[in-house]
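Data first, discussion second: the structure below is written as structure tokens.
The values are calculated or read from the model by the stated rules, or taken from the named source; none is laboratory data. Please read these numbers as outputs of a predicted model, since none were measured by experiment. All Cβ positions, glycine included, derive from the backbone under ideal geometry; neighbour counts span all protein chains shown. Accessible surface is based on the protein model in full, side chains and every heavy atom, while ligands, DNA and RNA are left aside. Shrake-Rupley method; radii C 1.70, N 1.55, O 1.52, S 1.80 Å.
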Amino acid sequence: MTTATFHPTGDVVAQAAEAGYFPGRHAVEVTAVERLTDGVYRMTFRDAYIAAHARPAQFVNLFSKDPMKLLPRPFGVSETDGDLVSVIFAVVGKGTDEFSRMRAGDTVDVLGPLGRPFDVKKPAHYVLVGGGLGVPPLIYAAQSLAAAEGSRTSAVFGYRNERFADAYVARHADATYSIDESEGNVVTLLDRMESDGTLHVDGLDTVILSCGPLPMMKAVSLWASKRGIACQLSMEQRMGCGYGTCVVCVVDTVDGRKKVCSDGPVFTSAQLGWEA
Amino acid sequence: MTTATFHPTGDVVAQAAEAGYFPGRHAVEVTAVERLTDGVYRMTFRDAYIAAHARPAQFVNLFSKDPMKLLPRPFGVSETDGDLVSVIFAVVGKGTDEFSRMRAGDTVDVLGPLGRPFDVKKPAHYVLVGGGLGVPPLIYAAQSLAAAEGSRTSAVFGYRNERFADAYVARHADATYSIDESEGNVVTLLDRMESDGTLHVDGLDTVILSCGPLPMMKAVSLWASKRGIACQLSMEQRMGCGYGTCVVCVVDTVDGRKKVCSDGPVFTSAQLGWEA
Amino acid sequence: MEETRNMDGAAAMNVYEPHEWKHKTVVAGVEWKNPVGTASGTFQLAACRWFYDVSQMGAICTKGVSPVPWEGNPGPRTAEAPAGMVNAVGLQNPGVDHYLVDELPKLKELGATVITNVAGHSDEDYAQVVAKLADSDADMLEINVSCPNVTHGGMSVGTDPIALSRLIGHLRKLTSKPMIVKLTPNVTDITTVARAAVEAGADALSLINTLVGMRIDIRTGEPIIANRTGGVSGPAVFPVALACVWRVRQALPKIPIIGIGGIDSGEKALEFLYAGANAVEVGAAALYDPTAPLRVARELDDLLDARPALAAKLAVGDTWR
Amino acid sequence: MEETRNMDGAAAMNVYEPHEWKHKTVVAGVEWKNPVGTASGTFQLAACRWFYDVSQMGAICTKGVSPVPWEGNPGPRTAEAPAGMVNAVGLQNPGVDHYLVDELPKLKELGATVITNVAGHSDEDYAQVVAKLADSDADMLEINVSCPNVTHGGMSVGTDPIALSRLIGHLRKLTSKPMIVKLTPNVTDITTVARAAVEAGADALSLINTLVGMRIDIRTGEPIIANRTGGVSGPAVFPVALACVWRVRQALPKIPIIGIGGIDSGEKALEFLYAGANAVEVGAAALYDPTAPLRVARELDDLLDARPALAAKLAVGDTWR
Ligand SMILES: Cc1cc2nc3c(=O)[nH]c(=O)nc-3n(C[C@H](O)[C@H](O)[C@H](O)COP(=O)(O)OP(=O)(O)OC[C@H]3O[C@@H](n4cnc5c(N)ncnc54)[C@H](O)[C@@H]3O)c2cc1C
Ligand SMILES: Cc1cc2nc3c(=O)[nH]c(=O)nc-3n(C[C@H](O)[C@H](O)[C@H](O)COP(=O)(O)OP(=O)(O)OC[C@H]3O[C@@H](n4cnc5c(N)ncnc54)[C@H](O)[C@@H]3O)c2cc1C
Ligand SMILES: Cc1cc2nc3c(=O)[nH]c(=O)nc-3n(C[C@H](O)[C@H](O)[C@H](O)COP(=O)(O)O)c2cc1C
Ligand SMILES: Cc1cc2nc3c(=O)[nH]c(=O)nc-3n(C[C@H](O)[C@H](O)[C@H](O)COP(=O)(O)O)c2cc1C
Ligand code: FES
Ligand code: FES
């Protein structure tokens, strides 16, 4: 199949590492593209560097093969497996449509891992509250925390209808709760967890990590702040570079406009001013 | 492999025929790309319509798959075989480089056949005087005339070094003469033909059909006009459309600026004012 | 991966199938079957008629005509550019008299709505052409004060609001036909020239003509185009054209606008309508894909199905913003 | 078919390998290791240093700095366009004081030749920044009178030769550092503003800044960028930028020119040099390929081998045309 390496010859990752730099944009092999539900796909590609270094809420830029479409398409890393990296994405436009049609053996240009990850250093009960296409970084948070010591994870996922990510997160999370629009939303689930006592795990602080539509994240922040629960939120914004050089991807915070790609994507509810 | 059909679905040639129009730009299958010599290639593609309708000196627009490169690349038809069409081209830039890397099974977008052909209706001794990458339409002239009654063809080809087209034209021409730069040029050959009597065939007028670098065609025109020999020349110019709508491809004639793509590419030496 | 050369990935379609237009537009009182026309200089009947039924277009805008035949610039006249092209034709055309006996009657006979693009090197040139067209069958006139490839007339008028105002005021007296003024983007503030044209009597505006640009052959170090600079068109100019339409629409809420520049899909045409255009014209795309104008019209016709408010405004000649 | 995403198909190369520059340039008396710099707004040390040795660049032009921190425009600030992008950052930056303690010293320590891009909403703003930079380690100043994304200063000055002349004359008195004036293409005649800048004391010109453009989301009918319009950059603007440089070079045979716009390969950089530029800057290409500026510099260094006459002119700060 076609290769789409933008510039350096050979193994740019190795070359960069040897020279002491992060690898620039480079082509990687797609090993699988699976359809999870209507318009939602999971792509896996081989990239030992990203697989080794990515932390939860970090993302990768994927690039279209069409040179008319130059801007990066950022996607949160959803899982790694050896030297394989997976992302889960919805087809919303031309770039994601192209990615959804790729097949094993194709190549795709990639840059990453990028962004400031969730802070999951301290042992805690991490409640991973995701909505729609916000769930991928939370799956990866569950996977990373499963490999760490001392923490517990509960996935709390809200879907429009098909629960396409439950199977993935359930591989890693200690508990998985999900809900679809007909039944309620993630706050419904959080309320349930609060009342049935699963929200608090003895000896561990509860920390919410959240990613999803803005209104959902705001509601979750508010809910958490009322209960004194720390809340980290992974934000989205249209990007120019994804690595912090163009100041295109801003979000308003209490400290002014910050870059989603390098100051974030993770911000605390306090930084966003989303507290009660 | 990838398809690059620009617009209509399915068999655009059939659709156009049914509606009473010429087929628009459409994708065809490449059946072979052969290297003839350094930087010179022969591409064959399957297009029953072009194969059936193309006449000598008509050309086809080929299009790059890179949407950054929108303009047509025009190439003279060099041979047809059943529903196959061949072109011979030199790699001079990005588009021809791309075409040279294509392989059997790839597709390429094409529009044609285009342009006003050589006038070869009357039986004559057609002397096909070509230089460099001007030879393809002359090969096709030889092929077409071989199928017609009453005419004779002599190919007179000048090359920089490698005589890459002799084998092709010799399949169709009654006589093939060629020369490379170390020895002389096509006028050297014409002089020889004049002196050894092969220029004139009893009972037939001699007509020169020529295509090649401007200085060569001018020299041939002058040579012919001094001897009262009719001379048709196939011209080149950068094109916007190739089908007569944009007036981009002009050449200066005694009747003003004319379109190479639809008033030509064939002009007489009289039209070009290239007579002694 | 499936590659598709329709840059917006719109559904492929068979443009040869018969089609009933669902969404018309009205520009300065003239009804178009659909909101998509051909752009001047990229349509010639003798060439395009072989590829599709040209009367299916919303309108056919013909190549600029001058009072007498013009030779235009020497070749080469074009160079490729990223996602676009540069041209320096210099308005070669066989003159208005030829147009009146050759191109126009044939187009009208086919049932086309015709916009005649008018070129001149001087006010007098424009006036002569407009006077000759005043009683013709042309449905609309488009005054080209925006060609970057001539030294007199063209862009030199369209960049100067005072000269433009004088010219349009003069032409206004010569014809009652709907008069479109075609604007150049090569100005500091396109709303100033737009306003000048409208106040002097323009019934509609079309924009944009090409952006000044060039290419150099790195083998020789010299410009590729004989005229050195030329006009850039094609997808590359699309965002610039869209902003021009948007800004003119903000400044002049009522004037009918024809959006032009880089349109190669129904989706791009739709962006122009949302920016404030009442109709659009397809230019360069027709050069590398002869049936592109009709395909764009079909795609837009379908896209408008789901946008009844916009479609309703277009149908009565109202502006969207 | 082999696809290559380097639009000009230039030979792929390992930018991490050590490299001895063969061809330098001199711009307004300042020596650059090679003729390729980074373009303002697309380079931040904290981001780019992770990807390549930034001191390898001919020059580093930093993000526009204002007298106090600026917040810029709300997001979204970008939209994609064919072979390009639209941005409306609005000059967000932490202010000149922060720049003087944070970005500049670090760049100088790495050995970079630094051009400090200066932004302002008023003559007074520009003056404050220039005054603070006058004694700094910056090698050159670039006065940004061409940003289309601010309502005061920026392009509003750069489109008005009188305002521009006043501003540059004023700044000239505040510093003896080489002062580059960065021009906007959004003018009727770029040579007029170029001349105004030079006559008022500019030591060099850089061009182009972005073209005004926009995109609309057809799902909502509304502009994608919060600021509605923005500036277009990337390969799409290349032929326009090239013509601007060409025309300014014809008008002003001696002034040093830095060519900017759509450069993503050594070949495109070379076209700018042939058009009359003494150096170039790479902007948008660095966003979608972090090492692009260095790759362009390497490619150009090789292309110049075969062009000794051009290389010789550059090396002594002479102009080509
Ligand atoms: C940090 C981050 C992480 C993300 N992670 C995921 C994920 O894991 N799964 C997922 O499905 N989506 C994710 N997104 C959104 C995803 O980047 C967009 O859906 C995608 O870029 C759309 O590309 P397109 O070509 O299909 O859309 P088009 O609309 O054709 O793209 C045009 C331009 O708009 C940009 N764009 C369009 N929508 C968005 C958006 N919502 N956010 C940012 N840029 C956008 C594109 O990147 C491109 O530059 C993430 C976004 C960010 C910022
Ligand atoms: C009627 C006609 C018939 C031709 N037949 C043949 C043929 O049989 N064999 C052959 O090898 N060549 C032929 N040519 C020339 C061929 O079209 C060009 O070599 C080819 O377009 C170069 O494309 P590129 O992308 O490699 O060059 P690039 O320089 O990368 O192309 C950039 C642009 O310039 C145009 N261009 C560059 N050189 C030429 C040229 N010499 N003539 C016209 N356009 C040019 C390209 O079409 C393209 O639009 C013919 C040209 C014409 C006009
Ligand atoms: C080859 C060519 C010739 C043109 N000739 C004319 C003309 O005669 N009159 C005119 O008003 N515009 C002319 N134009 C400009 C187009 O009508 C249109 O305004 C411009 O190309 C932008 O649209 P596009 O990007 O769809 O091509 C010409 C454009 C091209 C490419
Ligand atoms: C995201 C972004 C931010 C920019 N910020 C600035 C700036 O602060 N000052 C400035 O003079 N130019 C700025 N520019 C303009 C670039 O320096 C350059 O002139 C323009 O983008 C054209 O070059 P390109 O096509 O290589 O990007 C910016 C461009 C982009 C894309
Ligand atoms: S996308 Fe460029 S700084 Fe964030
Ligand atoms: S190339 Fe368009 S008229 Fe000849």
* For the stretch D:211-287, what's the radius of gyration and Dmax over Cα atoms, in angstrom? -> 15.2, 51
* In the stretch C:120-247, carbon and sulfur make up what percent of the accessible area (probe 1.4 Å)? -> 48
* Can you list the trypsin sites (Lys or Arg not before Pro) in the stretch D:22-119 that are in a DSSP coil and have 15 or fewer other beta carbons within 10 angstrom? -> D:LYS22
* Asked: Exactly which trypsin sites (Lys or Arg not before Pro) in the stretch D:249-280 are in a DSSP loop and have at most 10 other Cβ atoms within 10 Å?
  -> D:LYS254
* To do: With the convex hull built on the Cα atoms of the protein assembly as shown, state its orientation-averaged projected area in nm².
  => 46.3
* Structure fact -> For the stretch B:147-201 the trypsin sites (Lys or Arg not before Pro) that pass both the DSSP coil test and the at-most-15 other-Cβ-within-10 Å test are B:ARG160, B:ARG171
* Tell me the distances, shortest first, between D:HIS152 and the same position across the other copies, using label points 7 Å along Cα→Cβ, in nm to one decimal. => 4.7
* To do: Sort shortest first the distances from C:PRO69 to its counterpart in every other copy, using label points 7 Å along the Cα-to-beta-carbon line, and give them in nm.
  => 7.1
* Asked: What are the residues of the stretch A:21-40 that lose 20 Å² or more of accessible area, with a 1.4 Å probe, going from their chain alone to all protein chains?
  -> A:TYR21, A:PHE22, A:GLY24, A:ARG25
* Structure fact -> For the stretch A:129-273, the Debye formula with one identical point scatterer on each Cα and no solvent gives log10 I(q)/I(0) at q = 0.10, 0.19 Å⁻¹ as -0.34, -1.18
* How high is the relative contact order of chain D, in percent, counting Cα pairs under 8 Å that sit 6 or more residues apart? -> 21
* Using a/c under 1.5 as the rounded threshold, could you call the stretch C:191-230 rounded, prolate or oblate? The axes a ≥ b ≥ c are square roots of the C-alpha gyration tensor eigenvalues, and prolate needs a/b larger than b/c, oblate otherwise. => prolate
* Structure fact -> Answer in debye to the nearest 20: the dipole magnitude of the protein assembly as shown about its Cα centre, from +1 Lys/Arg and -1 Asp/Glu charges placed on Cβ, is 2000
* Return the tail of the calculated pair distribution for chain A, meaning the percent of Cα-Cα pairs more than 25 Å apart. => 44
* To do: Between the chain alone and the structure with every protein chain in place, find the residues of the stretch D:260-292 that drop at least 30 Å² of accessible area; heavy atoms, 1.4 Å probe.
  => D:GLU267, D:GLU271, D:TYR274, D:LEU287, D:TYR288, D:ASP289, D:PRO290
* **Extended-chain gain in nm, criterion 0.36 nm per residue less alpha-carbon gap, D:GLU109 and D:ARG219** => 34.7 nm
* To do: Return the carbon/sulfur percentage of the accessible area of chain B, one whole number, probe 1.4 Å, all protein chains in place.
  => 48
* To do: Treating cross-link reach as a plain straight distance, find the lysines whose alpha-carbon is under 21 Å from the alpha-carbon of B:LYS259, omitting any fewer than eight places away in the same chain.
  => B:LYS218, C:LYS63
* **Interface area, C with D, accessible, probe 1.4 Å, both sides summed, Å² nearest 100** => 3300
* Residues of the stretch C:237-254 buried by at least 40 Å² on assembly (accessible area, 1.4 Å probe, chain alone as reference) -> C:PRO239, C:VAL240, C:ALA243, C:TRP246
* Structure fact -> If each part is reduced to its alpha-carbon centroid, the stretch C:59-122 and the stretch C:251-280 end up apart, in Å, by 22
* Asked: Any idea what the A:ARG101 label distances to the other copies are, label 7 Å down the Cα→Cβ vector, nm, shortest first?
  -> 2.0
* Asked: Hey, what number do you get for chain C at 222 nm if only DSSP H runs of n ≥ 4 count, each worth -39500 (n - 2.57), divided across all residues, to the nearest 500?
  -> -9000 deg cm²/dmol
* the stretch D:84-169: relative contact order in percent, alpha carbon pairs under 8 Å with at least 6 residues between -> 28
* **Dipole-positive endmost among C:GLY262, C:ILE180, C:GLY231 within the stretch C:137-294 (Cβ charges, Cα centre)** => C:ILE180
* Asked: Chains A and D: how much accessible area gets covered up at their contact, both sides added, probe 1.4 Å, in Å² to the nearest hundred?
  -> 4200
* When the dipole is taken about the Cα centre of the stretch B:91-136, and only Lys, Arg (+1) and Asp, Glu (-1) are charged at their Cβ, what size is it in debye, to the nearest 20? -> 220
* Gyration tensor verdict on chain C (Cα atoms; rounded if a/c is under 1.5, prolate if a/b is larger than b/c, oblate otherwise) -> rounded
* Please give the per residue accessible area of the stretch D:2-315, computed with a probe of 1.4 Å over protein heavy atoms only, in Å². => 29
* **Estimated 222 nm signal from helices in chain A, with DSSP H stretches of n ≥ 4 weighted -39500 (n - 2.57), rounded to 500** => -6500 deg cm²/dmol
* Structure fact -> About its Cα centre, chain A carries a charge dipole, from +1 on Lys and Arg Cβ atoms and -1 on Asp and Glu Cβ atoms, whose size in debye to the nearest 20 is 580
* Solvent-accessible area per residue for the stretch A:125-272 at a 1.4 Å probe radius, Å²? -> 38
* GluC sites (Glu not before Pro), loop per DSSP, at most 14 other Cβ atoms within 10 Å - longest free stretch of chain D -> D:72-321
* To do: Using the structure shown, select from B:LYS94/C:LYS268; B:LYS121/B:LYS258; B:LYS65/B:LYS94 the pairs with a Cα to Cα distance greater than 18 angstrom.
  => B:LYS94/C:LYS268; B:LYS121/B:LYS258
* To do: With unit charges on the beta carbon (Lys/Arg positive, Asp/Glu negative), name the residue among A:MET217, A:PRO67, A:ALA48 whose Cα is farthest towards the positive pole of the charge dipole of chain A.
  => A:PRO67
* Asked: Farthest toward the dipole's positive end in chain D, which of D:ASN73, D:LEU300, D:ALA251, given Cβ charges of +1 (Lys, Arg) and -1 (Asp, Glu) about the Cα centre?
  -> D:ALA251
